[in-house]
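Please treat every number below as a calculation from the coordinates, not as lab data. Predicted model only: the values in this text are computed from it and were never measured. Every residue, glycine as well, gets a Cβ built from its backbone with ideal geometry; the counts of neighbours run over all protein chains shown.
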Amino acid sequence: MRLELINNIINNLKDNDFIQNFIEEITKHLKQNDASIDFKIDKIEFNNLLSKDLTLYGNKITAKYRDIMIQERGKILNNYAYKTKEKGELLYIYNKENSSYDIANITQNSKTITKTMDEVPKESRLGCVLRKNGDKIELDKKATTEIAEEINSMIKEKIEEQKKYLASKRIDGHIYKVGEKYSGRIWLYDLETKVDGVLEGIEEIEISQDLYNNVKEGDLLIFENDAYRKKQ
């Protein structure tokens, strides 16, 4: 039933509350199941978890939490693929190299395939969900929208978890040895905390630019009054 026809019926049955309520429910259902009504590819937010200096929603993301996000994204995709398996194999575009896309076939244990931009539906881009039935591949607009929303919600939750995790590793009075540094990030090793006999390392992403510029590998920092400073 087309939405235009439903609107005409509503206009002719304004005095019948039961019919109007029934039609409103049908209209709502159709909108929920026809993503093409409101689907605009440029409004789909895709966060590329493979970016070199990963920064999401204004927050640098550590290697630890990048891996967690990728794992959680995989769970979301697998769950969605299982729940909607009757619609065909679920493919997810997760990376772009020049004029080609890297695509994970979630239904087939995330087997990676590569296709040129001309080999996928016209509107496709990073973050899109495709459906494969036989040799035919189509853009699944509804799945693209719903999966994007779920993944981005997960990412925001993990950013908050990362903040709490890093805060728990900044211990007042502890001394940290500087390791590798790059792109505003520094690996710090807590000299007073060992895990299985090995110094615990954290990828620190909240450090002043001045301190970042003036430390080198092997230097010692002390954390005091909610900030790092170079130990004299």
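Net charge near E138: determine it from the other residues with C-beta under 12 Å of the C-beta of E138, scoring Lys and Arg +1 and Asp and Glu -1. Show your work: numbers first, answer last.
Values: positive: K87, K122, R131, K132, K136, K141, K142; negative: E89, E123, D135, D140.
Overall, the nearby charge balance is +3.
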Can you work out the FRET efficiency for the pair S168 and D42, with r the C-beta to C-beta distance and R0 = 35 Å, to the nearest 0.05?
0.35
Can you give the local net charge around I159? Use residues other than it whose beta-carbon is closer than 15 angstrom to its beta-carbon, Lys and Arg +1, Asp and Glu -1.
0
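Give me F223, F46 ranked fewest to most by other Cβ atoms within 10 Å of their Cβ, as a rough exposure proxy.
Values: F223 19, F46 15.
Final ranking by Cβ density, sparse to dense: F46, F223.
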Please give every one of the aspartates and glutamates within straight-line cross-link reach of K156, meaning a C-alpha to C-alpha distance under 17 Å, and leave out same-chain neighbours fewer than 8 residues apart.
E45, D67, E72, E146
For a Förster distance of 35 Å, can you work out the FRET efficiency between the beta-carbons of L211 and L126, rounded to the nearest 0.05?
0.50
For the stretch 41-167, the fraction of alpha-carbon pairs in successive 5 Å shells from zero, as %:
2, 10, 22, 23, 20, 13, 7, 3, 1, 0, 0
For K122, counting only aspartates and glutamates whose alpha-carbon sits under 14 Å away and dropping same-chain residues fewer than eight positions off, the answer is D42, E138, D140
Alpha-carbon Rg with Dmax, taken over the stretch 140-232, Å
17.2, 60
Which entries in K60/K96; K87/K115; K60/K164; K43/K141; K64/K111; K40/K142 show an alpha-carbon gap greater than 18 Å?
K60/K96; K87/K115; K64/K111
